[in-house]
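Asks: Next up is a structure, given as structure tokens.
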Amino acid sequence: MSKHSEIRNQFIGFFRERGHTHVPSAPLVPQNDPTLLFTNAGMNQFKDVFLEQGSRSYSRAVNSQKCIRVSGKHNDLELVGPSPSHHTFFEMLGNWSFGDYYKTEAILWAWELVTGVWGIDPNRLYATVFAGDDEVPRDEEALEAWTEQTGISADRISFHGRKDNFWEMGEVGPCGPCSEIHIDLGAEFCRRKDEPGHRCAVNGDCGRMVELWNLVFIQYRRDAEGILHPLPRRHVDTGAGLERILMVMEGVRSNFETSLFTPLIAQLVELSGEPYHSDARGIPHRVAADHIRALAFALADGVLPSNEGRGYVLRRVLRRAARYGREIGLETPFLHRLVEPLVEVMGNDWHELKERYD
């Protein structure tokens with residue numbers, strides 16, 4: 001079994017053992033949600049529950065959700081290539097509680113899975129907690145859970161404001177504080193280490209500290225006047241990027257050096273004759289390897305390039321991949337040559353890739 005399949009199965013199995021129902025990934029085309037072009041988070045298919053407009057037969061859920069982030073509020077397109085950990089397509093591992101367990105269990109289980117099952121050194125991990133502001137108090141409940149349930153030392157817990165540690169679905173609707181697990185990748189990952197006076201920090205911008213898992217605690221509703229109201233039921237909504245966890249587990253320097261991407265990059269090297277480099281010279285390889293995943297998964301879910309809507313977004317992704325391909329000498333169509341290695345890597349886990357291969 002591939003390492004990414006193992007991680008996915010361990011995540012789902014861990015939460016199934018704790019009473020969660022495994023819910024399949026929703027399609028990339030959102031169902032009954034005109035506000036989104038593509039599914040961009042695991043919570044999209046549970047949005048009606050958080051809005052108190054729907055319900056499920058279960059109160060705990062787990063899944064691995066395929067996501068595309070290339071439009072709207074979550075648009076990472078221009079970061080893809082220069083960044084070692086941003087993607088147009090990615091998998092979000094998530095667990096949910098709909099009015100069932102809350103902060104203590106969410107934090108304890110996340111810590112148990114990361115340090116116990118996956119064996120990540122706790123001395124490399126940091127936790128963040130919402131610092132509070134004029135509208136919402138500091139999240140003492142999350143702080144207490146970290147200190148009493150996990151044993152993490154106080155100097156590894158930091159407090160952050162609304163930008164990093166308060167989640168809102170939109171201008172109105174469900175929202176609440178969040179708490180994250182970050183990992184120290186090591187001093188060699190700092191992109192600013194040569195700048196005088198620079199200090200690496202959680203939620204900094206130097207690349208050394210990376211967010212692994214976000215635990216969102218949905219306990220408020222914001223109304224049309226912007227006023228917050230406590231929800232009658234409180235929910236948990238978490239998300240962890242599979243690609244980042246795989247990078248840590250495989251001990252490599254970027255998501256693009258993991259076993260999810262190396263077969264795609266090897267194919268690009270063979271097609272172009274240009275060796276891959278982890279610095280700026282490798283941007284064309286990273287863009288093409290990333291974009292073929294978004295294109296293939298979108299096509300498998302029935303989206304075709306077109307002149308409007310999500311079809312136009314797909315066309316932009318296609319053009320961007322082709323443009324970067326020309327930078328490494330790929331003047332004729334080449335993206336279709338990446339489909340076979342992609343299906344070999346991911347087709348056993350995502351059968352739609354095999355079924356729509358042609």
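The values are calculated or read from the model by the stated rules, or taken from the named source; none is laboratory data. Here the structure is a predicted model, which means the values were calculated and not measured. Backbone-built Cβ (ideal geometry, glycine too); neighbour counts: all protein chains shown. Accessible surface is based on the protein model in full, side chains and every heavy atom, while ligands, DNA and RNA are left aside. Shrake-Rupley method; radii C 1.70, N 1.55, O 1.52, S 1.80 Å.
Asks: Tally up the residues in region 234-270 that are closer than 22 Å to His182 by Cα, part of a helix (DSSP H, G or I) and in contact with a Leu (Cβ under 8 Å, 6 or more places away or on another chain), please.
Replies: 7
Asks: While we're here: Quick check on this structure: which one of Phe166, Phe130 is under 30 Å from Thr35 (Cα atoms), in contact with an Asp or Glu (Cβ under 6 Å, 6 or more places away or on another chain) and open to solvent by less than 80 Å² (accessible area, probe 1.4 Å)?
Replies: Phe130
Asks: Can you go through Ile218, Ile292 and tell me which one is at pLDDT 95 or above and in a helix (DSSP H, G or I)?
Replies: Residue meeting the stated conditions: Ile292.
Asks: Right, something else. Taking the options Ala110, Ala145, name whichever one is over 20 Å from the mean Cα position of the chain (by Cα) and not in a strand (DSSP E or B).
Replies: None of the others qualify; the one that does is Ala145.
Asks: Can you tell me how many residues within region 14-28 are touching a strand residue (DSSP E or B) at 6+ places or on another chain (Cβ under 6 Å), on the phi < 0 side of the Ramachandran plot, in a loop (DSSP other than H, G, I, E, B) and open to solvent by 20 Å² or more (accessible area, probe 1.4 Å)?
Replies: The number of residues fulfilling the criteria is 1.
Asks: Now, a different point. Does Ser55 satisfy the criteria of being hydroxyl-bearing (Ser, Thr, Tyr), surrounded by fewer than 22 Cβ atoms within 10 Å (Cβ to Cβ) and either part of a helix (DSSP H, G or I) or touching a Lys or Arg at 6+ places or on another chain (Cβ under 9 Å) (or both)?
Replies: No: the conditions fail for Ser55.
Asks: Moving to a separate point now. Return the residue satisfying two criteria in turn: it lies in region 26-51 and is in contact (Cβ under 8 Å) with a residue 60 or more places away in the chain and not hydrophobic (A, V, I, L, M, F, W, C), and of such residues it is farthest from Cys175 (Cα to Cα). Let's see the steps before the verdict.
Replies: Step one: of region 26-51, the residues in contact (Cβ under 8 Å) with a residue 60 or more places away in the chain are 27-29, 35, 37-38, 41-43, 46-47, 49-51.
Then drop every residue that is not not hydrophobic (A, V, I, L, M, F, W, C), which leaves 27, 35, 42, 47.
Working: Pro27: 24, Thr35: 17, Gly42: 15, Lys47: 12 Å.
Among them, the one singled out is Pro27.
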